[in-house]
Amino acid sequence: MSTPHYSLFVDGKWIDTGDIYEIRSPATEELVATVAKGGVAEVDQAVAAAKAAHEEGTWRRTAPAERAALLNEVATRLGGRIDELAVLQTQENGATIRITGALHVGLSVAQIQYLASLAENYEWETSGPEIGPVPAVGIVRREPLGVVAAIVPWNIPLLTTVWKIAPALAAGNTVVLKPDEHAPLLALELAKEFEAAGLPAGVLNVITGDGDPVGAYLAGHPDVRKVAFTGSTVVGKSILRQSAQTIRRVTLELGGKGANVLLDDADLDIAVDGALFACMANNGQACEAGTRLLVPASRYDEVVSRLVERASTLRLGDPLDPATHVGPIASRVQRDRIVEYFEIAAEEGATTALGGRVPSGPQFDKGYWVEPTIFVDVTNDMRIAREEVFGPVLTVLSYDSVDEAIKIANDTNYGLSAGVWGSEERALEVARQLDAGMVWVNDWHVIHPAYPFGGYKESGLGREGGPDALDEYTEQKFISLDRSGGIENKAFAIVIDPVAS
Ligand code: NAD
């Protein structure tokens, strides 16, 4: 069978550039697909098409219920392809098949459906109270922003895409999407479904290209009215700086260093597995991962021994095998970064309780692998406790009092996720005191379309999903409609004497 090829999607046409990316499985290094490689010239074309589609106005003037119907049509189409797309996702970025179906594709379908229902019920135009003393009526309208640039990463590519383009399109915007150059396939499959569902040409454009210069050029394009980005904090900061030039809207979903507080009354049968799930799911490549486990000193040794025992049972291997718990690292660069952190951890005096190596054996000759790893004797000043490693690497820290645990948990530049394990009332009280956009009590990675996803501090700006998702993609316009009847009651009569009659 010949290798599938994906083109760029610009102004309703699939175009090639003469240059390609080879998308290879991070588990086997086998070729999965080729993808057209876009440059700044294609970004210019795509932004021009999106701008023209916005100005021409067909999509923004389409009734919200009809836009919602189109989104629902796309959700149905994707929903019928969950298994197939899950395999494609696993081949592309190495996330285990256990997670790509339910999380990457299933949740994306639900997210699109949720945005469709929000658009149907949104207050696009409402009248407010009468404005006195000048008799006037106030109207508040929500209008699309214009061209939205969506820039997404490789780790959870479909959901991070849908979080941006579903609200952007539901609100009547036009979009230029730049998927990550290592994992663009699901974004391109999604574009095919929008095309098949009848989205007008130019409303959605997809340019696969390098982060720098292509992503940077798109983010800085003067005709872009909003940038929605998921990725590293370093790039997020550069996008924010660029956006100052034209005061455009920005939504940022950045890194995390999730603190996971295990209280002394936690049920270890649940909390130990939960802590491993928090850290190792998606091969540890999730911004909301729980990577700092805070354990009461009185239970430290017991928890560590149970963590090691349970983590030793995690199966590392072929991500397409449903029995596999942890798959490969998405790229050589990311694998090398993680290995560097193994060295840093050793230099800083952390103890390796499990893993800490690149695995050996014939099944690991190809691809990019690290062993599920647990570092103990970690203190919160160490780089492995402060920096995002982005791999299946858990650090375990100890605390003496709950107040100290909260202090350690909040002592980070990040603030995306956190978790607490213990009796509900105590855990909830701790959850209220954690500086994080999402706190899970007695579970982790619970993501639902109706609840906001996003972080405090350097983890980001704005939220994706949740009931306010459309606010992030609309301008508010106040229209005052004069009902004074006579010239003497106009607002301007305060300053300008009425014409004598
Ligand atoms: P990245 O931020 O470099 O890439 C994310 C997206 O931004 C990709 O589409 C990329 O092409 C694009 N990009 C890169 N440089 C850009 C620029 N200057 N301007 C505009 N767009 C640009 O992330 P990465 O290199 O793939 O991973 C590096 C680290 O980032 C990871 O190790 C991890 O710590 C973090 N990360 C976080 C998330 C998350 O979900 N929060 C996702 C991926 C990576």
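Quick notes on this structure:
- Filter result (modelled with pLDDT under 95 and either open to solvent by less than 60 Å² (accessible area, probe 1.4 Å) or acidic (Asp, Glu) (or both)) within the stretch 44-102: Gly101
- Taken as a whole, the stretch 275-287 holds at least one residue that is away from the ligand (no atom under 16 Å from the Cβ), in a helix (DSSP H, G or I) and in contact with a strand residue (DSSP E or B) (Cβ under 8 Å, 6 or more places away or on another chain).
- Search result, residues across the stretch 99-131 that are farther than 17 Å from Val74 by Cα and hydroxyl-bearing (Ser, Thr, Tyr): Thr100, Tyr122, Thr126, Ser127
- A single entry from Arg67, Arg60 fulfils the requirement of being within 24 Å of Glu125 (Cβ to Cβ) and in contact with a Pro (Cβ under 7 Å, 6 or more places away or on another chain): Arg60.
- Thr76 over 21 Å from Val162 (Cα atoms) and either of a type in the set (Val, Ile, Thr) or in a strand (DSSP E or B) (or both): no
- Leu294 vs. criteria of a type in the set (A, V, I, L, M), part of a helix (DSSP H, G or I), more than 12 Å from the ligand (Cβ to nearest atom) and touching a helix residue (DSSP H, G or I) at 6+ places or on another chain (Cβ under 6 Å): no
- Helices (runs of 4 or more DSSP H) lying entirely in the stretch 370-463 (those with 2 or more residues that are open to solvent by 10 Å² or more (accessible area, probe 1.4 Å) and under 21 Å from Gly355 (Cβ atoms)): 383-386
- Residue match in the stretch 339-355 (condition: of a type in the set (Gly, Ala, Ser), assigned to a loop (DSSP other than H, G, I, E, B) and more than 25 Å from Asp443 (Cα to Cα)): yes
- Considering only residues in the stretch 228-267 that are of a type in the set (Ser, Thr, Tyr), assigned to a helix (DSSP H, G or I) and open to solvent by less than 20 Å² (accessible area, probe 1.4 Å), the one that is farthest from the ligand (Cβ to nearest atom) turns out to be Ser243.
- Check on Val152, in contact with a Pro (Cβ under 7 Å, 6 or more places away or on another chain), of a type in the set (Val, Ile, Thr) and at pLDDT 95 or above: yes
- In the condition set (1) part of a strand (DSSP E or B); (2) surrounded by 13 or more Cβ atoms within 10 Å (Cβ to Cβ); (3) β-branched (Val, Ile, Thr), Ile479 is compliant with all but (2).
- Flag: Glu84 does not match the condition of being outside any helix (DSSP H, G or I) and either within 25 Å of the chain's Cα centre (by Cα) or not hydrophobic (A, V, I, L, M, F, W, C) (or both).
- Residue pairs whose Cβ atoms lie under 8 Å apart, separated by 6 or more positions or on different chains, with the first residue in the stretch 185-201 and under 22 Å from Glu56 (Cα atoms) and the second modelled with pLDDT under 95 and assigned to a helix (DSSP H, G or I), do not occur.
- Selected residue (criterion: farthest from the ligand (Cβ to nearest atom)) from residues of the stretch 201-227 that are open to solvent by 40 Å² or more (accessible area, probe 1.4 Å) and in a loop (DSSP other than H, G, I, E, B): Ala201
The values are calculated or read from the model by the stated rules, or taken from the named source; none is laboratory data. Just so we're clear, the structure is a prediction, and the values are computed from it rather than from any experiment. All Cβ positions, even for glycine, are placed from backbone atoms using ideal geometry, and neighbour counts span all protein chains on display. Just the protein is used for accessible areas: all its heavy atoms, side chains included, with ligands, DNA and RNA removed. Shrake-Rupley method; radii C 1.70, N 1.55, O 1.52, S 1.80 Å.
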